[in-house]
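Readers should treat all values here as calculations from the given coordinates under stated rules, not as data from a laboratory. Values in this document were obtained by computation on a predicted structure and should not be read as measured data. Please note: Cβ atoms are built from the backbone with ideal geometry, for glycine as well, and neighbour counts cover all protein chains shown.
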Amino acid sequence: MSKCVIAGAGNFKEIDEKVEERDLLIAADGGAERLIGMGLKPTVVVGDFDSSSLDIDELKKKLPDAQFKSFPAEKDFTDMYAAVNAGEQKGYWNFHIYGGTGGRTEHTIANIQLITHLAEKGKFGYLHEDDRVMTVIRNSRFELPVQSKGYVSVFSLNEVSEGVTIRGLKYEIENENLNNAFPLGVSNEFKGDRSYVSVREGVLLIIWDKEK
């Protein structure tokens, strides 16, 4: 499946998703500088450019083949939202976001809401940190990577998520309800088996460690 990879100005050391020719690489604001420093050239650059030490004219000189979309600083959406929207306009459904956490806590929360927005539309969003990944599912099932170590946490993002099943991890549940006021699903563990999380009715945030 082709994917849209987005780099923001938050915390990340590398992009560990292989970006292939059919994929789309987008920089959100200060993420353009991060990609340039890694030797990567985004196809699209979006933002108000308030988190970049280079102005838009300097970035255009360094990225002459990129498409630039500039927005005013005072707007009703984030630069990361604009980046995802640019990917959606090009027909992508699968989004891997780097540099969307760290720094200001409100931006991390905004990006969790952004991948929730994707899940509500039946699309796929992954929020990458250096050592973990987050995704959101709605009324569906998510297959976790097979790995022998690391933690997995599952949180309900609505008042009650009904019919939650967790299989293949250290702690399993079958057709249980999770709510957003008690963290029952925190700190489960991989054990090397195939594992999944599913929810019959509701929205779940899933966070797991990358196996190094």
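Overview of results
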| item | result |
| --- | --- |
| Shape category assigned to the stretch 4-130 from the gyration tensor of Cα positions, a/c cut at 1.5 | rounded |
| Table column - 3J(HN,Hα) (Hz), the stretch 138-155, Karplus curve with 6.51, -1.76, 1.60, x for Gly and Pro | 10, 6, 8, 10, 10, 7, 7, x, 7, 8, 8, 8, x, 9, 10, 10, 10, 10 |
| Separation between Cα centres of the stretch 1-22 and the stretch 179-208, rounded to whole Å | 25 |
| Label-point separation, Arg22 to Ile109 (7 Å along Cα→Cβ), nm | 3.9 |
| Added length on full extension, which subtracts the Cα-Cα distance from 0.36 nm per residue, Lys210 to Lys149 | 21.1 nm |
| Share, in percent, of DSSP beta bridges within the chain that are antiparallel, nearest 5 | 60 |
| Amide H contacts of Thr101 (H built 1.01 Å from N, under 5 Å, at least 5 apart or other chain) | Gly10, Asn11 |
| Peptides ranked, highest mean first, by Cβ atoms within 10 Å: ranges 179-185, 93-99 | 93-99, 179-185 |
| The chain: calculated mean residue ellipticity at 222 nm from DSSP helix runs of at least 4, using -39500 (n - 2.57) | -5500 deg cm²/dmol |
| Over 31 Å between alpha carbons, listed pairs Lys60/Lys121; Lys90/Lys210; Lys75/Lys212; Lys41/Lys210; Lys13/Lys123; Lys90/Lys149 | Lys60/Lys121; Lys75/Lys212; Lys90/Lys149 |
| Modelled label reach - Val186, point 7 Å along Cα→Cβ, the stretch 81-113 residues with backbone N closer than 11 Å | none |
